[in-house]
1. Identify, by number, the condition in (1) within 15 Å of Phe2 (Cα to Cα); (2) in contact with an Asp or Glu (Cβ under 6 Å, 6 or more places away or on another chain) that Asn161 doesn't meet.
2. Do we have any residue at all in the stretch 65-78 that's open to solvent by 10 Å² or more (accessible area, probe 1.4 Å) and without any contact (Cβ under 8 Å) to a residue 24 or more places away in the chain?
3. Using the structure shown, decide if Thr135 is open to solvent by 40 Å² or more (accessible area, probe 1.4 Å) and in a loop (DSSP other than H, G, I, E, B).
4. How many residues does the stretch 21-53 hold that are closer than 23 Å to Tyr85 by Cα and open to solvent by 50 Å² or more (accessible area, probe 1.4 Å)?
5. Looking only at the stretch 79-112, filter to residues that are open to solvent by 70 Å² or more (accessible area, probe 1.4 Å) and part of a loop (DSSP other than H, G, I, E, B); which one of those is farthest from Asp156 (Cα to Cα)?
6. Can you pull out every residue in the stretch 155-185 that is aromatic (Phe, Trp, Tyr) and within 17 Å of Lys143 (Cβ to Cβ)?
7. What are the residues in the stretch 1-20 that are in a loop (DSSP other than H, G, I, E, B) and open to solvent by 20 Å² or more (accessible area, probe 1.4 Å), if any?
8. Consider Asn190 carefully, then state whether it is at pLDDT below 95, under 30 Å from Val73 (Cβ atoms) and surrounded by 14 or more Cβ atoms within 10 Å (Cβ to Cβ).
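The values are calculated or read from the model by the stated rules, or taken from the named source; none is laboratory data. Keep in mind the model is a prediction, meaning the values are calculated, not measured. All Cβ positions, glycine included, derive from the backbone under ideal geometry; neighbour counts span all protein chains shown. Side chains included, ligands, DNA and RNA excluded: accessible areas come from the protein's heavy atoms. Shrake-Rupley method; radii C 1.70, N 1.55, O 1.52, S 1.80 Å.
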Amino acid sequence: MFKSYNAKATFFMTGNNINKGQIDIKHADVIKRVDAEGHQVASHTWTHLDLSKISSLDRKNQMWMNEMAIRNVIGKIPTYMRPPYSSCTGDSGCQQDLADLGYHIVNFNVDTDDYNQNTAENIQKSKDWFTGNITKDGAKADKGDKWLAIGHDILDQTANNLTEYMLSQLKQLGYKAVTVGDCLGEPKANWYRYADGAGVSVANNTQVSTDS
């Protein structure tokens, strides 16, 4: 679908969540395809815990475990992540921990609420909210307006209904669907760190980018 619209997306992946099995064991082919087709692979933690409510070591383990799984498949580690429940407070130490691990923390400004609208009838609400947000107050592509929209590809209505609606609306309104990294103007080399195979620590799995 993305290919047919010449569109790109950022896929924030959990490592082992909702009984889907470890992504590097069960879903390696999908991850390889995402990467090969020019989309951005990013982290959504290992098991989708609230990072503001767990210890520093536990949240680092959530990131390290996912790093290892993604590294096992595409040989590199994301530098972008989206915190589960959009929860990563400064007071909990979460923001500093993720900065220390070398991550961009990504949120969104267009909420489709698709997770609560996963029926053929209710998904229309998500469509209306999407279009309403990206046209609010006269927003237009040629004015330089940018949007970060959230959708969950594990949901039937999102995968098979809402996503194509969003892509068609973007095309109709003159927008271009790109990755978060592209939206921020960051070179693709900076979307990842490159693993050297020597271990799992940040120091052992980091190669300084010439573009950083």
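1. Of the numbered conditions (1) within 15 Å of Phe2 (Cα to Cα); (2) in contact with an Asp or Glu (Cβ under 6 Å, 6 or more places away or on another chain), the odd one out for Asn161 is (2).
2. There is no residue in the stretch 65-78 that is open to solvent by 10 Å² or more (accessible area, probe 1.4 Å) and without any contact (Cβ under 8 Å) to a residue 24 or more places away in the chain.
3. It is false that Thr135 is open to solvent by 40 Å² or more (accessible area, probe 1.4 Å) and in a loop (DSSP other than H, G, I, E, B).
4. Selection size over the stretch 21-53: 3.
5. The extreme case among them is Asp91.
6. Matches in the stretch 155-185: Tyr175 only.
7. Correct list: Met1, Phe2, Asn6, Lys8, Asn16, Asn17, Ile18, Asn19, Lys20.
8. Yes: the conditions hold for Asn190.
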